[in-house]
Every structure is written in structure tokens, then in C-alpha cells.
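Reading through the C-alpha cells given below for one structure.
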Amino acid sequence: MFDVMPFWQNYIDGQFVDGGAGRLVVDDPATGAPLAEQAMADASDVDRAVQAAKRVHESGVLMDMRPVERGRMVRKMGDYLIDNIEEIASVLTQEAGKPLWEAYTEVRNAARYFEYYGNQAETLEGRSIPLGSNYFDFTIHEPFGVSGQVIPWNFPLEIASRSIACGLVTGNSVVLKSSELDPLSSQFFARAAEAAGFPAGAVNIFCGYGHEAGAALAGHNDVNQMVFTGSVATGIAIATAAAQNIVPCVLELGGKSAAIVHDDADIDQFMNDVRKGIYFNAGQVCSAMSRIVVHESIHDAVVDGVVALARSLSVGPGIDRPEFGLNMGPMISQKQRDRAEGMVSDAERAGALVATGGRKMNQPGFFLEPTVVTNVTPDMIIANEEVFGPVVSVLKFSTEEEALRIANGTPYGLVAGVFTSSLDRATRAARVLRGGQVFVNEWFAGGVETPFGGYGKSGYGREKGREALMNYVQTKNVAIRLR
Ligand code: NAD
């Protein structure tokens, strides 16, 4: 375990600096004890970061570079993360609570974004449009300029990486605000940008309060594009602020995603997916398998399996869980844990049954028992609102049509899954399910290469895959009249 530095600064215009809004104490979710202090940016820090990013953009240094050079620098940022994985994973586990092996996975996945988008840098090409012999016409994809990015706490490294890497390879400069709950590990992006040779001001990383630094960034007149990952309420606030400056947004918001389990599904395979689908990162995953919609004929067997799985998890401090396995860490904060516990009690009062778990654990830290709630009906709050914790709701169906209706019955539409051995059923479901990703027979199937994003209240725009690049550029058409 690496010792965590007692104080972490922001990175603005190539300097590590204190913040105008003072310091914030970051807790270790496994103990509830203070871990370190983080500098907090105020609106004038945000302005300095945006002005630095604007200066870099206007200098043309990133935009004028041959894309392969930008791509190499972006890839070097990923190399930096891998070269320092032991330290970064240790800090991440201590500030976010996740098992150490999950923190390693997160650092590797973060580095993978820099690799993938570094490789994409020179593939973004315009086209030539025929207008007859009197014209030569072509299109160029130009960066917006300053990309403002606000991230949540659940995967601070992975989520930041996808936006930073896309922003930089397309020639934008980046101003990123981390979450108040686990901001420390974001500083490694600043170190990575320096190691990769990005000029001062190209990458700015700071923490600050959402209502202060976050709002100042989203509403800043010199920000040209906003990328936000987080809750629906904050997404609305950010999009509203950005709209005042006619600034486009990418919004990656919440989800209440359903796995439909048919009677012909491979149940052993499905159980494997439940572990990662709902108990990975203690269920604090936007695309978590938070609802299981199961055929009535196999309902009891599936519930027994999920309950046995939940009870088999070893729950405790992430730092003591270095190996991949049936284990789980605490939730991020007391507030989140108590909210999740309250939602389970409310569901019980509404007629649901808590098949296992549902209570906070009698130990320090923000632990909630791995929880399975059954007898859930589509009208219940727990079937519609994100718990964002290790809580799965089980609903029953009798016909395929009913299953699809239940799965599509929330305001969200992030991902959805179907488990069946029938290709016809899977294909019908894939066509009907409302979500940016549909998983067939494997939850989270896909990767950095596959586009990800929401339908409905889950947001708009796509991150991951080549589709994401188009959110970071604007298209210019050049029409030349020939003599
Ligand atoms: P949140 O919306 O509370 O906070 C996210 C970020 O927004 C934080 O950095 C916060 O400081 C900032 N913020 C808060 N108010 C702001 C304002 N007025 N203006 C600007 N910034 C502001 O979300 P959270 O609790 O950190 O994260 C959990 C949510 O994120 C869940 O709903 C989850 O589903 C969602 N999420 C979505 C994805 C995805 O890719 N779709 C990924 C992870 C998390």
C-alpha cells in the first residue's frame, strides 16, 4: 500500500497550485477516517484554467500538429498510467473504496482509452464532395477549442480518460473538474500530461464544488464544448448553463438497466454476469444490472442463485482485496449508503421482499450488505429510480412482450441485456430495447471500441468508440470556385 500524500493540488496552466476555495478533506470510505486534503478551485481558478486552455488553442500548437504526433502524446499519457499503476491503484482504492483488483482494472481501462484514441488520431478524415468541374469541395473536422469536462466519482479515472483522450486527439485543449468525493487520483492525469510533453495549459485538472467550480466551468463564455458524466439533475443544470453560450454538450447520465432472462437462458453463465453486473464497484455503476426481469418458470431458481451469490461475497476494505474474486468494498460515502438503505426499506414498505441484505454493516466505513429485492413490480420506486448501490431488483414476466415492456418502462435508456439461447428472441429484443447498448448473453459485452451512451433521460451524445470523436469536432466545408 502506498502512503497517500497529505495534500493534493490542482493543475492549472502547467502549475500545481492551491485553490481559491480552500481545502477539502477526502475520507477513506473503508474506515470513514480522513485520508488527505484536496485543493478546491473557485471561479477565478476556473477562469485561469479556461484562459490557459484558450491560449493554447489559439496558438494552434495542438491543432496544427500532424495528428499522428498528437496521437503519440496521448498514448504516452496512457503509458504513464501503466508505469505508475501500483501507486495510482492504491490511491484510488483508498479514496474510492473499491477492491484493489478493481482499482487495477480501472487504471488499465483508463490507459486503454489513451491507447485506443491515440491510435484513432490520424483516422479522422474529411471528404471531398463533387460539385462539378467548376468547384473543388472538401470538409475538415476542426476541434471546438476548449473542452470543459465534469466527471463523477464512481470511475474517476476511466470516465476522465475517455473524455481527455478524445478531446486531445482531436486537437482540443482540456479543462477537467473532478468529483469532491475522490479527486486525488485525477492528479495523475496532470503528471501524465507533463510526461507526455503537452504544453502548459493544454490539460488543466482541478477539483472544486459542483455549484461553484462546476457551475463556473459549465457557464464559462470561453468554453466551447462540455462533456458531463453524472446525475440527471446536474446534467440538466450543465446543459442549461451551456445553452446560454450556445455550447454543445455530451451528457452521460444515469440508468436503471434491465437484464431479461428467458427460460432458455444459460443460467450458470448468467450468474457469472450478476457478480459483475450489480456487485462490481458496489453497484455504483451507471450501466449496472440493477433490474433482473426473469421468466416466471425459472424465477425461484434464479432468485436462489442470486441470493447465494450475494451471501457469498466477502465484503470489507478494498485495500485488503487485491485479488479478483467474490468480494466487494464499501460505498463511496455515508450519504450514498444511507440513501440506498432507505430505498430498500421504502421498497419493503411498498410490498417488495428483501431476500437478502438491505442493511448497513456493523463496522466502520460505508458498507451496505449485498442486497437482493424480490416481488418488485414495475410501478415501484425501486424499479424506476437508480439506487446506485449493491442492490438488485427482481421482477417476474410471463410473455416476451411483457418482459420488453418492463425493461423499457423507465425514463432511462442507458443499456439493456437479454439472456436466451434463441437467436430470434435476442434479435427481436435488440431491436425493441431502448438503450445505447444491448448486451446479448453477456452483461458489459463490448469495450472501449464500442459506442456508449443514453436514450431518454440517460443522456445524449456518445462516448467510447469512433462515434465519440465526432462530439469533439465541428465540420467545416470548403468550396473552391475554379477558373
Ligand atoms: P453528480 O451529478 O452529483 O456529480 C457529478 C459531477 O458534477 C461532480 O463533479 C459534481 O461536483 C459536479 N456538479 C454538481 N453540481 C454541479 C453544477 N451545478 N454544475 C456543474 N457541475 C456540477 O453525480 P455523482 O453523484 O458524482 O455520480 C453519480 C451519477 O452519475 C449517477 O446518476 C450515475 O448513473 C451517473 N453516471 C453516469 C455514467 C455514464 O457514463 N452514463 C457514468 C458514471 C456515472
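The values are calculated or read from the model by the stated rules, or taken from the named source; none is laboratory data. Note that the structure is predicted; figures quoted are calculated from it, not measured. Don't worry about glycine lacking a Cβ; one is built from the backbone with ideal geometry, like all the others, and counts go over all protein chains shown.
Data overview
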read-out: Qualifying residue in the stretch 189-198 (condition: free of Cβ contacts under 8 Å to residues at least 40 places away in the same chain and touching a strand residue (DSSP E or B) at 6+ places or on another chain (Cβ under 8 Å)); value: no
read-out: Any hit, the stretch 220-237, residues being of a type in the set (Gly, Ala, Ser), in contact with a Leu (Cβ under 8 Å, 6 or more places away or on another chain) and on the phi > 0 side of the Ramachandran plot; value: yes
read-out: Any chance Gly235 is part of a loop (DSSP other than H, G, I, E, B), touching a residue at least 40 places away in the same chain (Cβ under 8 Å), closer than 30 Å to Ala216 by Cα and within 21 Å of the chain's Cα centre (by Cα); value: no
read-out: Among residues of the stretch 136-166, those that are at negative phi and away from the ligand (no atom under 16 Å from the Cβ), counted; value: 9
read-out: Single unsatisfied condition, Trp443 versus (1) outside any strand (DSSP E or B); (2) within 15 Å of the ligand (Cβ to nearest atom); value: (2)
read-out: Long-range neighbours under 8 Å by Cβ, at least six apart or interchain, first residue more than 9 Å from Pro143 (Cβ to Cβ) within the stretch 166-177, second within 16 Å of the ligand (Cβ to nearest atom) and assigned to a loop (DSSP other than H, G, I, E, B); value: Val175/Val223; Leu176/Ile151; Lys177/Ala41; Lys177/Ile151; Lys177/Gly208
read-out: Matching option when the condition is β-branched (Val, Ile, Thr) and surrounded by fewer than 16 Cβ atoms within 10 Å (Cβ to Cβ), among Val91, Val56, Val25, Val107; value: Val25
read-out: Helices (runs of 4 or more DSSP H) wholly inside the stretch 1-118 that include at least 3 residues being within 25 Å of Gly365 (Cβ to Cβ); value: 85-96
read-out: The stretch 405-425 residues that are of a type in the set (D, E, K, R), paired with ones that are in a helix (DSSP H, G or I) and surrounded by 18 or more Cβ atoms within 10 Å (Cβ to Cβ) (beta carbon under 8 Å, 6 or more apart); value: Arg425/Glu400
read-out: Residue within the stretch 174-186 that is farther than 18 Å from Gln15 by Cβ and more than 15 Å from the ligand (Cβ to nearest atom) present; value: no
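Per-residue answers, yes or no, for (1) touching a strand residue (DSSP E or B) at 6+ places or on another chain (Cβ under 8 Å); (2) aliphatic (A, V, I, L, M); (3) surrounded by 14 or more Cβ atoms within 10 Å (Cβ to Cβ); (4) assigned by TED's automatic domain parsing to the domain that holds Glu442:
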residue	(1), (2), (3), (4)
Lys276	no, no, yes, yes
Ser290	yes, no, yes, yes
Ile298	yes, yes, yes, yes
Val302	yes, yes, yes, yes
Ala310	yes, yes, yes, yes
Met343	yes, yes, yes, yes
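Okay, residues lined up against (1) under 18 Å from Gly351 (Cα atoms); (2) out of contact with any helix residue (DSSP H, G or I) (no Cβ under 9 Å at 6 or more places or on another chain):
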position: Asp379; (1), (2): yes, yes
position: Gly389; (1), (2): no, no
position: Val392; (1), (2): yes, no
position: Asn408; (1), (2): no, no
position: Gly417; (1), (2): no, no
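So that you can scan it fast, the table gives a plain yes or no per residue for (1) more than 30 Å from Gly71 (Cβ to Cβ); (2) near the ligand (Cβ under 10 Å from one of its atoms); (3) under 18 Å from the mean Cα position of the chain (by Cα); (4) modelled with pLDDT of 95 or more:
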| residue | (1), (2), (3), (4) |
| --- | --- |
| Arg191 | no, no, no, yes |
| Pro199 | no, no, no, yes |
| Glu212 | yes, yes, no, yes |
| Asn224 | no, no, no, yes |
| Gly230 | no, yes, yes, yes |
| Leu253 | no, yes, yes, yes |
